[in-house]
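The values are calculated or read from the model by the stated rules, or taken from the named source; none is laboratory data. All values derive from a computational prediction rather than experimental measurement. Cβ sites come from the backbone with ideal geometry, for glycine too, and all protein chains shown count toward neighbours.
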Amino acid sequence: MAFVPASYNDGNRAFLQAFMARGVLSFQDARPILAAIFSADENKEASPDDVTQEDFGSYLAAASEALSFFDYEIRSTVHQITKQRVHVLVNTTSDPMTQFATTYTADELSFVKRLLDCICDTNNTPRMELMCLAAMDATKLSRPKKPAAQDNDDEDAPQPTQAPDKGLKHSEVERMLHRLVSEAWLEESANNFYSLTPRALMELKTWLVDSYNDPDLGPNEWQRIKFCKACKEIVTHGKRCAERDCTFRLHDICEEAFWRTQRSKNCPQCKKDWEGKYFVGEKALTTTDRWQMGRRQSGGGGRGRQSNAHEDQDDEDEE
């Protein structure tokens with residue numbers, strides 16, 4: 001590649017290939033990769049513990065420079081739960097769904113869209129911003145909803161020409177979930193809930209906002225894709241204001257530092273006391289009395305309560 005520095009060597013190429021195969025990389029993930037590269041370059045065994053943050057930064061910088069000629073860039077973010085910094089390979093010109101279409105079949109892509117609709121729409125309301133889905137709920141999305149029956153008067157209307165969505169078998173759903181986790185699009189919690197990963201939130205950010213938010217609503221009106229007031233990134237795990245109509249949200253990992261900058265622990269937007277016990281994400285469900293009771297009745301296992309997420313949300317709606 002004549003447009004990259006002469007210092008860009010086989011080690012840099014091997015690192016970039018490993019990064020592209022994963023799509024997302026943290027320092028801890030990169031250490032064994034770089035150790036193998038160093039071992040090959042220097043003809044002596046290198047341990048992952050020998051790899052420094054500076055080594056990682058140097059290889060990231062070289063990869064970023066090489067990728068810039070191909071409409072790719074490396075962006076970084078912090079995991080909303082673990083605080084681990086991760087680096088994501090992002091295509092800056094192609095629509096993410098177009099990218100998915102190159103690796104997934106049409107039926108698989110339709111299933112992915114149903115998953116996203118469930119996470120970002122069905123399981124995300126002003127009363128309960130769950131922003132995830134249970135494994136059993138994912139199985140229910142294996143096939144598209146049946147279209148509403150058409151009136152007989154419409155028999156002469158033109159019929160859609162696109163191929164029908166045949167859906168997936170339950171075994172195929174399980175394989176797709178495993179694939180989406182292995183490719184770092186979804187992550188599964190200890191309670192068996194699937195949520196979007198840092199990679200998904202970063203690569204799909206613009207698409208998520210365009211697909212699920214209403215551009216005609218004001219800045220303080222409730223939207224499905226919400227942002228942390230501290231770091232300005234999407235919130236799928238965090239805290240919300242006790243006032244249901246207030247749109248103030250914080251990541252758990254941003255909360256402590258944010259309140260250190262405030263004179264009082266009142267919501268900066270609506271001025272209500274910040275109680276810190278109203279959640280965005282899985283905890284919006286798992287902290288409810290009904291979920292805890294069901295967990296105890298099922299012997300403490302998460303899977304016994306998975307399919308009842310909507311029931312808990314319905315209970316809140318009735319309050």
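Data table
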{"read-out": "Residue that is within 15 Å of the chain's Cα centre (by Cα), crowded, with 17+ Cβ neighbours inside 10 Å and in contact (Cβ under 8 Å) with a residue 12 or more places away in the chain, where the choices are Gln84, Gln80", "value": "Gln80"}
{"read-out": "Check on Ala36, in the same structural domain as Ser76 (by TED's automatic domain parsing) and modelled with pLDDT of 95 or more", "value": "yes"}
{"read-out": "Subset of the range 137-179 that is at pLDDT 60 or above and of a type in the set (A, V, I, L, M) - its residue that is nearest to the chain's Cα centre (by Cα)", "value": "Leu177"}
{"read-out": "Selected residue (criterion: nearest to Asn124 (Cα to Cα)) from residues of the range 222-281 that are surrounded by 14 or more Cβ atoms within 10 Å (Cβ to Cβ) and among the hydroxyl-bearing types (Ser, Thr, Tyr)", "value": "Thr236"}
{"read-out": "Test set (1) closer than 25 Å to His170 by Cβ; (2) surrounded by 16 or more Cβ atoms within 10 Å (Cβ to Cβ) - Lys140 fails condition number", "value": "(2)"}
{"read-out": "Exclusive hit being crowded, with 18+ Cβ neighbours inside 10 Å, under 30 Å from Ala30 (Cα atoms) and either of a type outside the set (Lys, Arg) or at pLDDT 95 or above (or both), set Thr103, Thr93, Thr197", "value": "Thr197"}
{"read-out": "Residue match in the range 27-40 (condition: under 21 Å from the mean Cα position of the chain (by Cα) and in contact (Cβ under 8 Å) with a residue 40 or more places away in the chain)", "value": "yes"}
{"read-out": "Within the range 237-262, tally of residues that are assigned to a loop (DSSP other than H, G, I, E, B), over 17 Å from the mean Cα position of the chain (by Cα) and under 14 Å from Lys283 (Cα atoms)", "value": "0"}
